[in-house]
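Reading through the structure tokens given below for one structure.
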Amino acid sequence: QVQLVESGGGLVQSGGSLRLSCAASKIIFRVYTMGWYRQAPGKQRELVAAITSGGSTDYAESVKGRFTISRDNAKNTAYLQMNSLKPEDTAVYYCNAKTGTRAYWGQGTQVTVSS
């Protein structure tokens, strides 16, 4: 079955950096748009960043200039480099793979930014 496994979350001080990884299996990774979403307590899940199969990227306004999404099709892995982290970035971060009518989610990884 399809698996998306996130890693790289943790506790970091404000201003610090983290790199999230999303390893995919049992999908034709290169054709999928990969996205990172996050959900903070009491809030709706929101799109943080996405990268298409062609490499086009899109970011939430709140993370532009701080976060970078990338992908390595040879490794079936998507990444989210997060710099200049703020306490408001604290959330569970989820990986998403989407193409046509198919979409898959990872289990999430916690990112906590202390002030």
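The values are calculated or read from the model by the stated rules, or taken from the named source; none is laboratory data. Note that the structure is a prediction, hence the values are computed from the model and not measured. Ideal geometry is used to build each Cβ from the backbone, glycine not excepted, and the neighbour counts take in all protein chains shown. Protein only, heavy atoms only, side chains kept; ligands, DNA and RNA dropped before computing areas. Shrake-Rupley method; radii C 1.70, N 1.55, O 1.52, S 1.80 Å.
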Any trypsin sites (Lys or Arg not before Pro) in the range 38-115 that lie in a DSSP loop and have at most 13 other Cβ atoms within 10 Å would be Lys43, Lys64, Lys75
In Å², rounded to a whole number, the accessible area per residue of the chain with probe 1.4 Å is 54
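Report, to the nearest whole %, how much of the accessible area of the chain belongs to carbon and sulfur atoms, 1.4 Å probe, protein only.
Roughly 46 percent, rounded to a whole number.
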Over the Cα atoms of the chain the radius of gyration and the largest Cα-Cα distance (Dmax), both in Å, equal 13.3, 40
